[in-house]
Amino acid sequence: MSALMQKFGDARAGLARNTLSSIVVFLVALPLCMGIAIASGVPPVAGLITGVIGGVIVGLFSGSPLLVSGPAAGLAVLVFDLVRDHGLIALGPVIVLAGVIQWIAGRARLGVWFRSVSPGVVSGMLAGIGILIVGSQLHVMFDAAPLPNGLQNFAAAPGRVWNAISNGDGMTAGALGLATIAIMLAWEKLRPAKLRLLPGALLAVVAVTLTAQLAALPVARIDLPADLLASIRPITGDAFKLLLDPALLIAAGAFAFIASAETLLSAAAVDRLHDGARTHYDKELSAQGIGNVLCGVFGGLPMTGVIVRSAANVQAGATSRLSTILHGSWMLLFVLALPWLLRMTPIAGLAGILVYTGVKMINPAQLREFADYGRGAVLVFVATAGVIVATDLLTGVLAGMALSLLRLSLRAAMLHVNLKQHDEQHNHWTLRLVGSATFLSVPRIAKALDSVPEGATLTLDAERLRYIDHACLVLLRDWQRTAPATNRELIADDSLLDARAESGGRRAMVQALS
């Protein structure tokens with residue numbers, strides 16, 4: 001009986017903790033869902049739809065119980081470009097196809113492979129997206145429309161600020177946006193320990209909304225339909241004909257890849273924050289696929305697992321998926337019961353939140369961390385972010401991955417060449433090769449061979465040679481053949497005959513040089 005009472009008490013305590021944490025996550029997620037929708041160039045209701053589906057549906061099937069899913073700033077740039085180039089009608093089919101790809105990948109147990117992306121590429125991608133968000137939302141913060149690409153947004157930003165100062169064009173909205181950022185910065189530094197779970201974004205939005213309402217400020221506000229349920233228009237079968245456009249197929253693949261990588265990396269990060277159940281990556285990937293299919297069908301934004309809301313979930317004491325499910329439920333109830341309250345929110349305030357979020361995503365301190373792994377890791381990070389800002393998200397990610405593979409190839413093909421004389425009296429020399437001898441190593445090996453003086457006997461030490469390709473093998477064979485003309489000799493080290501050697505290239509060298 002006592003054991004039963006203990007179990008009942010634990011269940012009540014768990015319910016209380018998960019309910020509290022769900023309210024915290026709801027308060028964090030609500031302004032972000034609307035702000036990310038605005039940054040994506042779509043109506044705010046699209047972000048709210050994704051927030052509800054991410055909480056209730058994905059939370060139910062998730063392979064990572066404490067991971068919170070919803071619209072992510074990481075995909076805002078991609079969505080903005082898609083809507084700008086193909087219209088809002090193309091967004092639903094693309095998200096549905098991306099969700100199908102994710103679901104198939106999860107069922108095929110490919111979840112772990114999405115985690116194999118270089119950290120430099122992922123961090124560079126997030127930094128590049130952060131830069132683009134800052135550039136675009138600086139304009140929105142002054143009640144102006146962002147320009148088509150990142151470079152144009154940054155080039156026009158000084159003029160936008162000057163117009164606000166000199167002509168008063170958007171000055172009121174800009175002041176609200178700056179106030180939002182100031183409140184979030186101050187709250188992060190000065191918040192009392194007892195109020196540590198109160199999100200600064202919510203506090204800032206409430207403050208600027210009250211200011212705008214009480215002072216009747218002439219600024220743009222959130223535009224929500226009177227009947228939110230009636231505004232949800234599921235996509236029709238005709239919309240899927242748009243997927244015959246190769247550009248939209250590529251966009252769906254990009255959505256699926258980037259959303260999956262961000263989700264699974266976030267899940268791994270969340271696992272490090274708690275001691276509970278670990279993530280089942282394939283199950284999580286399938287759940288994300290289900291969620292994105294529903295988001296596409298009902299007019300939402302693409303979703304990912306998001307680290308900020310997930311970290312708030314863990315820090316607030318969540319112990320199970322109930323917290324995630326409840327946070328989506330609170331969002332649905334709030335949107336249905338109090339839409340008029342959301343319509344009071346100044347768009348500049350949400351833009352201020354996104355500028356703050358974008359700066360956080362850039363996180364220049366990461367450069368010091370990557371520097372610990374060499375200049376190559378820093379180059380991958382900087383190149384990925386730079387190409388994203390200069391071109392587009394997909395090109396930047398592909399460039400970062402290509403650079404990572406090139407760096408890996410160069411490191412795998414690294415060869416240490418050491419030529420030294422070990423018997424001066426008899427003119428004996430040793431050429432030691434350590435690593436992998438590929439065609440890239442031919443000039444260095446040739447230079448070492450050319451340094452061997454006439455009349456010398458050269459011993460080849462390849463005990464630590466992992467691999468040798470045809471180009472290097474031909475070089476050594478030719479040198480061995482021509483060496484007697486200058487009274488030189490090449491002797492293959494006996495260790496090459498070791499039966500443990502696994503490289504076919506090494507066995508070929510033994511046969512050729514013995």
- Message: Give the lysines whose C-alpha is closer than 22 Å to that of K447, dropping any in the same chain fewer than 8 places away, or say none.
- Response: K420
- Excluding residues fewer than 8 places away in the same chain, name every one of the lysines whose C-alpha is closer than 20 Å to that of K360. K189
- Residues with beta-carbon under 14 Å from that of A456, excluding A456: net charge, scoring Lys, Arg +1 and Asp, Glu -1? -3
- Using only protein heavy atoms and a 1.4 Å probe, report how much of R343 is accessible, in Å² to the nearest 10. 70 Å²
- Principal-axis tilt of helix 200-214 within the chain, Cα atoms, nearest 10 degrees: 40 degrees
- Query: Just one of (1) 191; (2) 234; (3) 148 is volume of the Cα convex hull per residue in Å³ as worked out from the coordinates here. Which one is it?
  - Reply: (2)
- Message: Quick check on the chain: of the DSSP beta bridges with both residues there, what percent are antiparallel, nearest 5%?
- Response: 50 percent
- Query: Can you work out the FRET efficiency for the pair R477 and T236, with r the C-beta to C-beta distance and R0 = 60 Å, to the nearest 0.05?
  - Reply: 0.30
- Near H416, within a Cβ-to-Cβ distance under 12 Å, what is the net charge of the other residues, with Lys and Arg +1 and Asp and Glu -1? +3
- Task: Could you go through the stretch 454-460 in sequence order and give the Karplus-derived ³J(HN,Hα) for each residue, using 6.51 cos²θ - 1.76 cosθ + 1.60 with θ = phi - 60°, rounded to whole Hz, and x for Gly and Pro?
- Result: 5, x, 8, 10, 10, 9, 8
- Note on the structure: Reduced to Cα centres, the span from the stretch 400-462 to the stretch 362-382 in Å works out to 31 Å
- Quick one: angle between helix 76-86 and the longest Cα principal axis of the chain, in degrees between 0 and 90, rounded to 10, please. 80 degrees
- Task: May I ask you to derive the FRET efficiency for D223 and E188 from their Cβ-Cβ distance with R0 = 41 Å, giving the value to the nearest 0.05?
- Result: 0.85
- Task: Could you tell me the distance between the Cα centroids of the stretch 85-144 and the stretch 306-336, to the nearest Å?
- Result: 22 Å
- Query: To the nearest 10 Å², what's C472's accessible area with a 1.4 Å probe?
  - Reply: 0 Å²
- Item | Cα shape, the stretch 76-156, gyration tensor, a/c 1.5 rule | oblate
- Item | Qualifying aspartates and glutamates (Cα of each under 17 Å from Cα of K283; at least 8 residues distant if same chain) | E262, D271
- Total charge of the residues flanking P148 in space, meaning their Cβ is under 12 Å from its Cβ, with Lys and Arg +1 and Asp and Glu -1, is -2
- At what distance in angstrom do the alpha carbon centres of the stretch 161-213 and the stretch 23-44 lie from each other? 16 Å
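Ordering E262, E188, E424 by accessible area with a probe of 1.4 Å, largest first, what comes out?
Result, largest first: E424, E188, E262.
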- Once A247 and S409 are pulled to full extension, the length gained, defined as 0.36 nm per residue separation minus their Cα-Cα distance, is 55.3 nm
- Message: Could you tell me the relative contact order of the stretch 52-156? Use alpha-carbon pairs under 8 Å, at least six residues apart, and round to a whole percent.
- Response: 19 percent
- Message: Could you work out the relative contact order of the stretch 149-302? I mean the mean sequence separation of Cα pairs under 8 Å and 6+ apart, divided by the number of residues, in percent.
- Response: 18 percent
- If R0 = 35 Å, then N363 and D450, at their Cβ-Cβ distance, give a FRET efficiency to the nearest 0.05 of 0.10
- the stretch 382-492: antiparallel DSSP beta bridges as a percent of all, rounded to 5: 40 percent
- Rounded, prolate or oblate: which fits the stretch 172-310, taking a ≥ b ≥ c as square roots of the Cα gyration tensor eigenvalues, rounded meaning a/c under 1.5, else prolate when a/b beats b/c? oblate
- Task: Could you work out the relative contact order of the chain, using alpha carbon pairs under 8 angstrom and six or more residues apart, expressed as a whole percent?
- Result: 25 percent
- Once the Cα atoms of helix 393-412 and of the chain are each reduced to a long axis, what angle between those two axes, in degrees from 0 to 90 to the nearest 10, is obtained? 30 degrees
- Message: So, taking all protein chains as they sit and a 1.4 Å probe, how much accessible area belongs to R466, in Å² rounded to tens?
- Response: 140 Å²
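The values are calculated or read from the model by the stated rules, or taken from the named source; none is laboratory data. Because the structure is predicted, anything quoted here is derived from the model rather than measured. Glycine also receives a Cβ, built like all others from the backbone with ideal geometry; neighbour counts cover every protein chain displayed. When the accessible area is computed, the model is the full protein with side chains, heavy atoms only, and any ligands, DNA or RNA have been set aside. Shrake-Rupley method; radii C 1.70, N 1.55, O 1.52, S 1.80 Å.
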